[in-house]
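Asks: Next up is a structure, given as C-alpha cells.
The values are calculated or read from the model by the stated rules, or taken from the named source; none is laboratory data. Everything quoted here is computed from the prediction, not taken from an experiment. Positions of Cβ are generated from backbone atoms using ideal geometry, with glycine treated the same way; all protein chains shown enter the neighbour counts. Accessible surface is based on the protein model in full, side chains and every heavy atom, while ligands, DNA and RNA are left aside. Shrake-Rupley method; radii C 1.70, N 1.55, O 1.52, S 1.80 Å.
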Amino acid sequence: MTQPSVILATASYDHTIRFWEAKSGRCYRTIQYPDSQVNRLEITPDKRYLAAAGNPHIRLFDINSNSPQPVMSYDSHTNNVMAVGFQCDGNWMYSGSEDGTVKIWDLRAPGCQREYESRAAVNTVVLHPNQTELISGDQNGNIRVWDLTANSCSCELVPEVDTAVRSLTVMWDGSLVVAANNHGTCYVWRLLRGNQTMTNFEPLHKLQAHNGYILKCLLSPEFCEPHRYLATASSDHTVKIWNVDGFTLEKTLIVGHQRWVWDCVFSVDGAYLITASSDTTAKLWSMSSGEEIKTYQGHHKATVCCALHDGAEPSPC
C-alpha cells in the first residue's frame, strides 16, 4: 500500500474505524472494532500507526497495512480510555481513563511504564510542548499538571467546582492553556515558568462559548501563525471559531451538523478543520470562509472522534 500524504480517520459507535481520502471523500479502508466503542483516535508523528482508545484498552493499528488486526494492544486500564497521545518523536504514548489514572507507555516495550492517580474519571490529557509535563482534566473539575521529570503532580487547580473538565488544549508554543467544561465555559490561562521548572497558571480569560456541553476545544497549530484561533465543538450542534487575540467570535460553523459535535482537528496549516458528529458524519470546513467543503458519510451511528495528519514527518524534537 502506498501511503497517502494525508491520513484522515474517524471512529463511530457502529464499532468501525474508517480511513478516508480527504479530497474525494471516499472511504478506502474500514477496520472492525467489535470489543467496544472507540473514544479517541490519534496518529503517531511518523504516520505509521493509528491508536484507538476503547474500553478498557488501547489498540495500535498499522496505517500502511490492510490487516484488520492491531499490531499491539495496551491493556492495563480498567475503564473507558478517554485520552491518548504521543510524545513528539513517537517514543512513548500517554493515556487517560475513566478509571481515574493517567498512564505512560513505552512503545518499544510492553506494559505500562508509569501511572498517576487522579482520583476521578479522567476526560482529557494533553502533553505540554516541552514534552516533560502532562496536563489532565477530570470529571470532578480538577486540572492537574504531572511533572514527568520529578514524577509527581506539580500543580492542581479547580476552575469550577464539581463541573467536569471535558477538554484541554495547549498552544503550540506553550504560552496558553484552555479548559472547556460541561457548562459551555472555556477557562484560559497564560502558562508561566516559575523559578523551578514548574509551570504556573495565570488566569487570562473566561469565555462563555456555548449553552450546551463543550465536547472538544482546540488551539490552532504553529503554521497557522500569525493568526491564532480556538475551536470549540459542542452539544448545541455548532463549532465556533474564536480569535485568541481578545477571544472574540470569528465565525460559527452551523449549517452542517444536525446533532452533537464530538471532536475536531485542524489541518497542519490551520486552513481547514475536520469535525465529527452524532449525525454519523465527519465534515471538512474551510477556515477562511467557514463553509463546509466535504462530508464523509459511511458510518451508521454517531461519529465520535477523528484524527488527521497532513503534515510532514517531524524532525527529531
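Asks: Let me check something: with ligands and nucleic acids excluded, how do Ser5, Ser136 order by accessible area (1.4 Å probe), largest to smallest?
Replies: Sorted descending by solvent-accessible area, the residues read Ser5, Ser136.
Asks: What whole number of Å gives the distance from the Cα centroid of the range 154-229 to the Cα centroid of the range 252-317?
Replies: Using only Cα atoms to place each centre, the spacing works out to 21 Å.
Asks: Kindly identify the chain as rounded, prolate or oblate by the Cα gyration tensor criterion: order the square roots of the eigenvalues as a ≥ b ≥ c, call it rounded if a/c is under 1.5, otherwise compare a/b with b/c, prolate if a/b is larger, else oblate.
Replies: Values: a/c = 1.43, a/b = 1.09, b/c = 1.31.
It is rounded, given that a/c, with a ≥ b ≥ c, falls under 1.5.
Asks: Solvent-accessible area of Glu98, probe 1.4 Å, all protein chains present, reported in Å² to the nearest ten, please.
Replies: That residue has around 70 Å² of solvent-accessible surface.
Asks: With Cβ to Cβ distances under 13 Å as the rule, what net charge do the other residues near His210 carry (K, R +1; D, E -1)?
Replies: Within the 13 Å Cβ shell, the charges total +2.
Asks: Further question: In terms of solvent-accessible area of protein heavy atoms at a 1.4 angstrom probe, what is the ranking of Leu176, Leu218, highest value first?
Replies: Values: Leu176 15, Leu218 35 Å².
Result of the area sort, largest leading: Leu218, Leu176.
Asks: Could you identify which residue out of Thr281, Thr199, Thr44 has the top mean-square fluctuation in a GNM of the chain using Cα springs shorter than 10 Å?
Replies: Taking springs between Cα atoms under 10 Å, the residue moving most is Thr199.
Asks: If you take the beta carbon distance between Ile293 and Asn243 as r and set R0 to 25 Å, what does 1/(1 + (r/R0)^6) give as a FRET efficiency, to the nearest 0.05? Kindly include the intermediate steps, with their values, before the conclusion.
Replies: Working: r = 22 Å, r/R0 = 0.86.
Efficiency, from the Cβ-Cβ distance: 0.70.
Asks: Measure up Lys23/Lys283; Lys251/Lys283; Lys23/Lys251; Lys216/Lys240 against 18 Å on the Cα-Cα distance and list the ones that go over.
Replies: Lys23/Lys251
Asks: Build a GNM of the chain with springs between Cα atoms under 10 Å: which of Gly111, Gly246, Gly174 gets the top mean-square fluctuation?
Replies: The residue with the greatest mean-square fluctuation here is Gly246.
Asks: Also, I was wondering about something else. Quick one: accessible surface of Asp173, probe radius 1.4 Å, all protein chains present, in square angstrom to the nearest 10.
Replies: Asp173 has an accessible surface of roughly 70 Å² with all protein chains in place.
Asks: Per residue of the range 15-30, what does 6.51 cos²θ - 1.76 cosθ + 1.60 with θ = phi - 60° give for ³J(HN,Hα)? Whole Hz please, x for Gly and Pro, Karplus curve as stated.
Replies: My calculation for the range 15-30 gives 6, 10, 10, 10, 9, 10, 6, 4, 6, 7, x, 7, 7, 10, 7, 10 Hz in order.
Asks: If I ignore ligands, DNA and RNA and count only protein heavy atoms, how much of Asp14 is accessible to a 1.4 Å probe, in Å² to the nearest 10?
Replies: 30 Å²
Asks: Around Ser36, with a cut-off of 13 angstrom between Cβ atoms, what is the net charge of the other residues, counting Lys and Arg +1 and Asp and Glu -1?
Replies: Within the 13 Å Cβ shell, the charges total -2.
Asks: Taking only Cα atoms and a 10 Å spring cutoff, compute GNM fluctuations for the chain and point out the largest among Leu207, Leu230, Leu284.
Replies: Highest fluctuation of the listed residues: Leu207.
Asks: Hey, another quick one. For the range 89-118, which trypsin sites (Lys or Arg not before Pro) are both in a DSSP coil and crowded by at most 11 other Cβ atoms within 10 Å?
Replies: The qualifying sites are Arg108.
Asks: Which one of Gln258, Thr169, Pro159 is farthest out on the positive end of the charge dipole of the chain, using unit charges on Cβ (Lys, Arg +1; Asp, Glu -1) and the Cα centre as origin?
Replies: Positive-end residue among those listed: Gln258.
Asks: Shifting gears a bit: Could you please report the charge total around Asp106, scoring K, R as +1 and D, E as -1 over all other residues with beta-carbon less than 14 angstrom from its beta-carbon?
Replies: Numbers: positive: Lys103, Arg108, Arg114; negative: Asp89, Glu115.
Residues close to Asp106 contribute a combined charge of +1.
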